[in-house]
Amino acid sequence: MDAKAVPLFECSGINKSFSGTQVLFDVGFAIKAGEFLGVIGENGSGKSTTMNIIGGILRPDSGEMRLNGDAYVPTQPNDAMEAGIGFIHQELNIFGNMSVADNMMIGRYPRRWEKLPFINHRAKRLATAEALKRVGLDVSPDAPCWSLAPGERQLLEIAKVVSQNPRMIIFDEPTTSLTEPECRRLFEVIADLQAQGIGIVYISHVLSDVQRLSDRIVVLRDGHAVKSTATRDLTRDGIVEAMVGRPVSQLYPDVPPLGERRPVIEVQGLTQPRVLKDVSFSIAAGEVLGVAGLMGSGRSELARILFGLDPHDGTGTISYEGAPFDPSPRDCVSKRMAFLTEDRRHEGLLLTQSLTTNLELVHLSGAGSGAHVPVDRKQQVSNAEDVAHRLRIKARDLVRLPAKSLSGGNQQKVVLGKWLVDAPRLFILDEPTRGIDVGAKEEIYRVIAELAGQGLAVMLISSELEELAGLSHRIMVMSRGMNVGVFERQDGGFDRAAIMARATAADVEAA
Amino acid sequence: MVSDTTVPPRKQGYRVLIARLLSEPAFTVIGLLVVYTLAVTAAVPGFLGAGTLSAIFISLLPLLIAVIGQSFVMIVAGIDLSVTATMGLTSVIAGSVMTANGGYLADSALAVPVGIFCFLFFGALVGLFNGLCVAFIRMPPFIVTLATMMFVSGAAVLYSSWHTTSVSIGGLPSGFTRIGYGTIGPIAFALILTVLVVVAADFGLRRTTWGRWLFAIGNNPTAALISGVPVRAVQVSAYTLCGTCAGLSAMIYSARLETGTPVLSQNLLLDIIGSAVIGGVSLFGGRGSVLAAFLGVLLLTVIDKGMQFIGLTLFVVLSVKGAIILLAAVLDALRLRYAEGKS
């Protein structure tokens, strides 16, 4: 693989600031033809900024980039593609209302006559079919894109890039919306691209994937490239420590001891066609139940049904605090159930409103509160101050500053905080630490442990097994809408390999 | 990006000024009002006289009530295009009940109370229908209310044609027409009614849980739903109140015209929505106040009357009003961009 002395791509000394805050400091790394370079780091570590600079979306303040030894100075995304650098974004740019061929060729339609704007549909279909074959995607060029599965969309996006003969492809979190078989398919395609001498830059949170697939790993932390090492010389703990900047065991607080078991919520045989199948579990007061499972395993769907956000017209019963319960969001709120959704910006916050307005919202919908009830503003402000203090929300002004002006971590604390004003009894947390930095993560972990210690029942959904293992009393594993096993904490920990195996087992069998 | 204390990016020089002006449309409106009044007074000295100004003030009252109703809907990120049609419908229904020329309750003591009830009830009914369509069928407010507008204005003409051979229903009892320009002591009856609406609406919007819910839904309906806000019910309430306000407004207009007519407020739709936007009620939802509605109505009415005072033709007046509303809508869009930090 190291046939050439000149690397395929190289960048060095890249600095970048946004409105006075420096986010990249002297970042540099190199990649050889056919090499698989894993790029990892916490959110906010500068991964996306670096890749956006390479992809021509952002311009660096200083630093240089070279492609095959020649200076490479992209000023717009098109420059990158023309130079041979393809970028597969995490958010796929697929137009669901158009055909596969149109999505593939948009922006560069073949013309029937050189100078006239008429599309040569035959050439369009042929070129598309050719590109689809290269990534092994078996769909018709005429198929509408809304009919494609997430994995097929991902492959379509790759085919689009590959058809433009790139020398290097950047993948930004390509597996987040893929099922296990789709992931394996993706990895095969990537291996094939590598064999053709294309350099792969692969950004992902899934450390095991990166470790297994990459030749080298670059770790970013707080805008510095803190490590750039051959993968075989790195241990998993070493990688995590480089990402976080300290040994990981300190990240999690002690799990509070469980007293007498008093169930807060009991779910029996919950079934919803095509979503959940015979799910049973219970959570006791003071208990943190972790819910593990792959994307699409039904974890979030379960949470949404429990909170009455998605319909439940199948079988099974939910009983809450000893009484049968048919949830609707409003009932849930008045019965002191809390739900932190995975999409903070679209489902959690009133972004342009003040923190006080955000923090009072749940309280104003809570038990016994009706539309006519006058709002006691002093009380709301003092509630907001209490919560901000408890959660250490760092904001200068609770009344005037809009929620969007806060960092991701503090925004998440606001969403958490609005539920804490009324002392909930069951808290469903769906990916509570997604997209926030380590410092804030640690504080959210502390709050979760503290709340459990006070007798709150917690249902913690997370894609990070590490996080579940650090906080939960028990972990329920979900797969294909089923509860496929519950693991108890033993000797202060969990058998993570067994959990992972259980979570992926059903998919493997089905594939 | 990495640190926890994120300070909003500092804006410089003229950007600060623009941001300030945008975030407080009230300043812009008051400034324009003063400049315009002085300009008209310079051209036609009589304009600033007490008589003219109080006439302007009395004339804008029913418009203000309709704009307040519209503001409720706009705050939940909706729009009600059917208000003027609703006003026409309530006007002919109430007129058909009260008129001395063969009304259902002609010369009865109940005529006026029942007539007033008709204004409120049928206004609320149309609003309720709009609200149910938007909240439960999830139809776009624009289409629902556009369709309602056409249906209701057609129905109003049809209804009045059953009761009269001319377009409008005359012969309304004096007990009713007094609402238009009558006074209680020294104070105009319409003013008392409007002040009551203003106080109730302002209290509702700023001080009650319902008010907070309106703003929350206009800002982020999903977050509101998950936080336990009864989103649908609140949406329906906003449209219903908008219809009720339209009925109330129609009551004052009908009393002033002393007729029930399906074309009561044909040309008012743009004035109603325009006033709200000029005052700073956002077309994108989540922003607005009774003060904004009032300032918008005041500016638009003063401009209208001022130009008539100078003696400009109706077409000039229309173009200028259109231009101002357009400008206000542009400012509203800019405000959103600044507020969302998308500049």
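Side notes on the structure shown:
- For chain B, the orientation-averaged shadow of the C-alpha convex hull comes to 20.6 nm² (one quarter of the hull surface).
- The helix-only estimate of mean residue ellipticity at 222 nm for chain B, built from DSSP H runs of length n ≥ 4 each weighted as -39500 (n - 2.57), is -24500 deg cm²/dmol after division by the residue total.
- The mean sequence distance of close C-alpha pairs (under 8 Å, at least 6 residues apart), as a share of the length of chain A, puts its relative contact order at 15 percent.
- ³J(HN,Hα) computed for each position of the stretch A:328-338 - Karplus, 6.51 cos²θ - 1.76 cosθ + 1.60, integer Hz, glycine/proline x: 9, x, 5, 4, 4, 5, 6, 9, 6, 9, 10
- Taking the Cα centre of the stretch B:145-288 as reference, the dipole from Cβ charges on Lys and Arg (+1) and Asp and Glu (-1) amounts to some 360 debye.
- Around residue B:245: net Lys/Arg minus Asp/Glu count, Cβ-Cβ under 15 Å: -3
- Antiparallel DSSP beta bridges within the protein assembly as shown, percent to nearest 5: 55 percent
- Listed residues A:295, A:258, A:272: farthest to the positive end of the dipole of the stretch A:246-305 (Cβ charges): A:295
- Report summary: the helix-based calculation at 222 nm, which adds -39500 (n - 2.57) for every DSSP H run with n ≥ 4 and divides by the residues of chain A, gives -10000 deg cm²/dmol.
- Amide H within-cut-off set for residue A:24, under 5 Å, with H built and near neighbours excluded: A:16
- Of A:404/B:321; A:16/A:227; A:32/A:441, those spanning more than 27 Å from alpha-carbon to alpha-carbon: A:404/B:321; A:32/A:441
- Within the stretch A:72-113, the chymotrypsin sites (Phe, Trp or Tyr not before Pro) that combine a DSSP coil assignment with at most 12 other C-beta atoms in a 10 angstrom radius are A:95.
- Packing-based ranking, highest mean first, of B:75-86, A:172-183 given that Cβ atoms within 10 Å are counted: B:75-86, A:172-183
- Of all DSSP beta bridges in chain A, antiparallel share, percent nearest 5: 55 percent
- Distances between placed amide hydrogens fall under 5 Å for residue A:262 paired with A:285, all partners being 5 or more residues away or on another chain.
- Across peptide A:220-228, the mean count of Cβ atoms from other chains lying within 10 Å of each residue's own Cβ comes to 1.
- In order along the stretch A:26-35, phi translates into HN-Hα couplings of 6, 6, x, 6, 9, 9, 9, 4, x, 8 Hz, rounded to whole numbers, per the Karplus curve 6.51 cos²θ - 1.76 cosθ + 1.60 with θ = phi - 60° and x for Gly and Pro.
- Within the stretch A:23-118, the GluC sites (Glu not before Pro) that combine a DSSP coil assignment with at most 10 other C-beta atoms in a 10 angstrom radius are A:91, A:114.
- Net charge dipole, the protein assembly as shown: roughly 1740 debye, given to the nearest 20, about the Cα centre with Cβ charges of +1 for Lys and Arg and -1 for Asp and Glu.
- Extension gain, residue A:12 to residue A:138, is 41.3 nm, computed as 0.36 nm per intervening residue step minus the present C-alpha separation.
- For peptides A:492-499, A:421-428, sequence by mean Cβ density within 10 Å, most packed first: A:421-428, A:492-499
- Across the stretch A:355-458, the mean sequence separation of Cα contacts (distance under 8 Å, 6 or more residues apart), normalised by length, yields a relative contact order of 33 percent.
- The tail of the calculated P(r) for the protein assembly as shown, taken as Cα-Cα distances beyond 34 Å, holds 62 percent of the pairs.
- Angle in degrees between helix B:141-163 and the longest Cα principal axis of chain B, rounded to the nearest 10: 10 degrees
- The shape of chain A can be summarised by an equivalent ellipsoid whose semi-axes, obtained from the alpha carbon gyration tensor, come to 42, 27, 24 Å from longest to shortest.
- Counted by Cβ distance under 14 Å from residue B:180, the other residues give a net charge of +1, where Lys and Arg count +1 and Asp and Glu count -1.
- Partner chain coverage, peptide A:401-411 - average Cβ within 10 angstrom: 3
Every number in this text was worked out from the coordinates using simple rules, so none of it is lab data. Model, not experiment: these values are computed from the prediction. In this analysis, Cβ positions are derived from the backbone assuming ideal geometry, glycine residues included, and neighbour counts consider all displayed protein chains.
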